[in-house]
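Below is one structure, written out as structure tokens; comments come after it.
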Amino acid sequence: MTDEELTGLTAIEAVEHIANGDFSSEEYVGACLDRIAAIDGEVHAFVHLDPDAALAQARDVDERRRDGQPIGLLHGIPVAIKDIFDTADYPTECGTAVLKGRQPVQDATAVARLREAGAIIIGKTVTTECAYFSPGPTRNPHDLTRTPGGSSSGSAAAVAAAMVPLAVGSQTNGSIIRPSAFCGVYGVKPSHGLISRHGALMLSQALDHVGVMARSLADAALILEVLAGYDAADSDTRPVAAPDYLELVADVPPVQPRLAFVRTPVWDKADAATHAAFAELVASLGDQVTEIDLPDDYAAAWDDHHVVMATDMAHNLNPLLERGGDVLSQQLRDLMAEGRSIPAVRYLKARQNAKSYAAGIDHLFDDFDAIITPSTPGVAPVGDATGSPVFNSLWSLTGLPAVTLPMLAGEGGMPLGVQLIGAARGDARLLRTANWLVEQVDS
């Protein structure tokens, strides 16, 4: 195969070819590295990259396969890691000069599980400063004048530009769904606590999620198989058996799924082209979609999310402020100052409201398989601003699983994502419904 053919493979296809001996992991990783060398000078997806180390990892897993040793689900597959996850062989600087040169001594749990599954940690991808809004250098591969989104900008761009088949990101507000939608890839923000956050920069224990980006839903299910599960080091994970995501994503639903089209109280934030695209999509699905309005009290959810995020970040990032506050962006310092000023009773009320919002939505899944909304207000905007997470905040606040599907096109043919939200801990059902929707629209 040519390098272009190799980098165009899905992760599942590459796993099969490597297992069959059609090519080695070293050859596959080499093709990805060549692709990175050719285009990352313009896209700027990676912040730390060591080709020799990546190829050494690949040679090691190739040797294990030749020796007949057990191989994992991601054997030989390169994965890009957002630079807020600790890696023992790469610096982890979290997009801030305050942590310049910081070298962890052990891997984050998510990274360790990837290695155990045979994945190649190819490099670290650009994040916005401390995974907040101040942008890094990454550009959108579809149009270099546009943002890739934030804060998992480098991860989304790397997958979209076929530098890697899989990447890991995180979301506290909209940082998996938004960049995935802007860059036209599949992005999965699982249920809160499905994947361990141990060894990742903590912004908010209540809001932080680890998620994945891929060029197919099956690939997303494959990496979830590896990452999901209990970790004693993360108290929000649970010691329960995980379903077979890869098998379930391809299952035919026992009955035709039903979707609830929920505009949410921020529907007016979407642009006219998004309104028109979703009107057409909903009409094409006919009786499978029912329009649902949330109660009026949900309008306060966006302020509640902001209160929780600002307060938690003020607490968790305070050591960085003390070490080098003058280096942090004014935007981040202002948020932390706001967080320190929020009364405890207001914070606790916001946390309580979050549980009420989740409980109020939960009954919808008795009648519907998923909620459907836009992933973003529109296509990726021109310039450096990372775009609005307004269509993601409610689902981060409630901890419900969400997936963005690159199904629509907007201005200039740029990707426009369709977001599906599922029931808490209903990640496998959500992936199955998402796969059904993609096939339904494509047919």
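DSSP finds beta bridges in the chain, and of those with both partners inside it, around 65 percent are antiparallel.
Taking mean projected area of the Cα convex hull in nm² as calculated from this structure, the corresponding entry among [x] 20.3; [y] 21.9; [z] 24.4 is [x].
Given an 8 Å cut-off on Cα distances and at least 6 residues of separation, report the relative contact order of the chain as a percent.
Value for the chain: 17 percent.
What aspartates and glutamates could a cross-link reach from Lys124, if we take a straight Cα to Cα line under 14 Å and drop same-chain neighbours fewer than 8 places away? Candidates past the 8-residue exclusion: Asp40, Asp50, Asp83, Asp86, Asp89, Glu93, Asp107. Mind running the shape call on region 203-353? Use the C-alpha gyration tensor, a ≥ b ≥ c as the square roots of the eigenvalues: rounded below 1.5 for a/c, prolate if a/b tops b/c, oblate otherwise. Note, shape of region 203-353 comes out oblate.
Centre-to-centre, using Cα atoms only, region 141-155 and region 158-174 are separated by 10 Å. Taking 0.36 nm per residue of separation and subtracting the current Cα-Cα distance, fully stretching the chain between Glu5 and Ala19 would add 3.3 nm. Where the centre of each part is set by its Cα atoms, how far does region 227-270 sit from region 1-66, in angstrom? If we compute the Cα centre of each part, the gap is 30 Å.
Kindly identify region 334-424 as rounded, prolate or oblate by the Cα gyration tensor criterion: order the square roots of the eigenvalues as a ≥ b ≥ c, call it rounded if a/c is under 1.5, otherwise compare a/b with b/c, prolate if a/b is larger, else oblate. It is oblate, given that a/c is not under 1.5 and a/b is not larger than b/c.
Kindly identify region 193-271 as rounded, prolate or oblate by the Cα gyration tensor criterion: order the square roots of the eigenvalues as a ≥ b ≥ c, call it rounded if a/c is under 1.5, otherwise compare a/b with b/c, prolate if a/b is larger, else oblate.
Oblate, because a/c is 1.5 or more while a/b does not exceed b/c.
Of Glu338, Glu93, Glu225, which is the most mobile in a GNM of the chain whose springs link Cα atoms less than 10 angstrom apart? For the chain, modelled as a Gaussian network with Cα springs under 10 Å, the answer is Glu338. For the options Arg113, Arg66, Arg139, a Gaussian network treatment of the chain with springs between C-alpha atoms closer than 10 Å singles out Arg66 as fluctuating the most.
Heavy-atom surface analysis with a 1.4 Å probe gives region 53-105 a carbon and sulfur content of 51 percent of its accessible area.
The spacing between region 292-340 and region 107-123, judged by their C-alpha centroids, is 30 Å. Straight-distance candidates among the lysines for linking to Lys189, with alpha-carbon spacing under 17 Å and chain neighbours fewer than 8 residues away dropped: Lys82.
Accessible surface area normalised per residue over region 321-443 is 40 Å², counting heavy atoms of protein chains with a 1.4 Å rolling probe.
The values are calculated or read from the model by the stated rules, or taken from the named source; none is laboratory data. Since we're looking at a predicted model, the values are computed, not measured. Ligands, DNA and RNA are stripped out before the accessible areas are found, and what is left, the full protein with its side chains, is counted by its heavy atoms. Shrake-Rupley method; radii C 1.70, N 1.55, O 1.52, S 1.80 Å.
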